[in-house]
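Q: One structure coming up, written as structure tokens, with questions to follow.
The values are calculated or read from the model by the stated rules, or taken from the named source; none is laboratory data. Fair warning: this is a prediction, and the values are worked out from it, not measured in the lab. Because the Cβ atoms are built from the backbone with ideal geometry, glycine has one as well, and the counts that use them run over all protein chains shown. Calculation scope for accessible area: heavy atoms of the full protein, side chains included, ligands and nucleic acids excluded. Shrake-Rupley method; radii C 1.70, N 1.55, O 1.52, S 1.80 Å.
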Amino acid sequence: MPNDKNNARNKKQPDIKTQNTKKTKGMWSGRFDTSTEEATRAINLSLTIDRRLYQEDIFGSIAYAEELKNSQVLNAKQAKSITEGLQQIQDEIQNGQFPFDESLEDIHMNIEARLTSIIGQDGERLHTGRSRNDQVATDMRLWMRAATKNVEKEITNLQSSLLLKAENTIDWIMPGFTHLQSAQPITFAHHCLAYHEMLQRDRERLLDAVKRNEQSPLGAGALAGSALPIDRNRLAKKLGFIKAMENSIDAVSARDFIIEFIANLAILATHLSRLAEDIILWASTPFNFVKLSHETSTGSSLMPQKQNPDGAELVRAKAAKLYGNLITILCVMKALPLAYAKDMQEDKAAMFDSFDQIILALNALSATINGLKPNRKKLRDALNSGFPEATDLADWLVQKLNMPFRQAHEITGKIVKQAEVCKCSALKELPLAQAQKISPLITQKALDSLTVEQSLARRNALGASAPVRVAEQIKRLKNN
Ligand code: ARG
């Protein structure tokens, strides 16, 4: 199995050798009279990007060599020497000693050429019946599987940070907003757990995409399938897939697994951006609901008092990059005739960038949440304006007087208007006589009951804000 680091940058790599000559020849030079012109070479070059696939490529090639041996296309000695050569290449790349060569276009041809230079002619047998078309599609599926694990791990970390914040703020009451207007009392914990739920669906979406793509393109060849007596299902299982893809043309043409991965990350980025935005608002001077830690905020070069939420702001901006990648891959694929076309080479930059950006964003947000200190008093004080307890008066009229909700809404609206005229900061401050001018049925007891604490405690149906409910949710999530 390739390890799941998903990049070739963990060890220092030597610089890629650039061609001195203006013109180069590819591995496919037999049919060509001339070498490749410089700009054509440059536009074809993908090594700088796809070198990240080296582990998947070697893993796939070792399995392929083994299958060629099992189906008697290669003898045991040839297969062994290919495997050993590929293992040596893996070490060379990991140790930063691999002679990357741009004139060989991509990682696949770099590895194959190096194999032949290490083990001699047997290296030239590896690509028998294989095409870079089925090879790269396989590499990408393997990469996506490992990348998903990494993203999943970072989602879990962020969820743990949110859960911990929630545990410490179960009864920290604050206004919940709709339209960014004070709406109803909620708790800081309940707000945090909303993101926990979104992240859970994000993770399930990613895992679901892996499940749908546990089929191997390898052995599909260029597009028409293999003419060799290989067992594609056996080969697929060797690579950890469930089975081989059923249609060889689909196997080399399909990139919906990449689109799906990038789309799933874009949805995740949307959630991260909303969380970032809430943090930015909460930390803003007028709100002052939370303080960011010094470790996760930045200062101004001019204004000494500033403590800026740059990390959260950049998480918000990263979503834009992920949407850009999604649009790129959709547009690259949308009008391509079957089967493979070189346009598809652009899938990698989009996929790798989405992965890199999302990992950064997840890490930055986890750190921000860990360092964030909600201000209990400010959260509570914010309930003293905007009448977030108004719904409870309407509920009282409905429940105690059996009034139809629309009438209750109308009466409560008038009470709110009157409370504003009287400059009350809460409905219970309105003198009973004034309230009864609007509805003679309203009692002092009803007005007295309109505290935000009671409003919160009353919302105790499944999924609601009442601290008893939130405590249950936390318990459930901790036991998951
Ligand atoms: N570097 C290529 C890619 O990523 C590999 C496949 C090339 N196939 C071809 N028929 N030229 O798409």
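Q: I'm trying to understand the selection: among the residues of the stretch 39-72, which are crowded, with 18+ Cβ neighbours inside 10 Å and part of a loop (DSSP other than H, G, I, E, B)?
A: Matches in the stretch 39-72: LEU45, SER46.
Q: Further question on the same structure: Tell me which residues, restricted to the stretch 333-356, are without any contact (Cβ under 8 Å) to a residue 40 or more places away in the chain, closer than 22 Å to GLY221 by Cα and open to solvent by 30 Å² or more (accessible area, probe 1.4 Å).
A: PRO337, ASP343, GLU346
Q: Report yes if LEU142 is assigned to a loop (DSSP other than H, G, I, E, B) and hydrophobic (A, V, I, L, M, F, W, C), otherwise no.
A: No.
Q: To continue, here is another question. Of a type in the set (Ser, Thr, Tyr) and within 25 Å of ARG459 (Cα to Cα): is that true of THR187 in this structure?
A: yes
Q: Oh, and also: When the residues of the stretch 98-137 are filtered to those that are within 11 Å of the ligand (Cβ to nearest atom) and small (Gly, Ala, Ser), which remaining residue is nearest to ARG255 (Cα to Cα)?
A: Top of the filtered list is ALA137.
Q: Taking the stated definitions as given, is SER117 on the phi < 0 side of the Ramachandran plot, open to solvent by 10 Å² or more (accessible area, probe 1.4 Å) and without any contact (Cβ under 8 Å) to a residue 40 or more places away in the chain?
A: yes
Q: So which of LYS348, LYS342, LYS318 ends up being within 19 Å of the chain's Cα centre (by Cα) and within 16 Å of the ligand (Cβ to nearest atom)?
A: LYS348
Q: If I filter the stretch 245-263 for residues that are touching a strand residue (DSSP E or B) at 6+ places or on another chain (Cβ under 7 Å) and either open to solvent by 20 Å² or more (accessible area, probe 1.4 Å) or not charged (D, E, K, R) (or both), do I get at least one hit?
A: yes
Q: Look at THR36 and say whether it is within 16 Å of the ligand (Cβ to nearest atom), open to solvent by less than 40 Å² (accessible area, probe 1.4 Å) and at pLDDT below 95.
A: Judged against the criteria, THR36 is a match.
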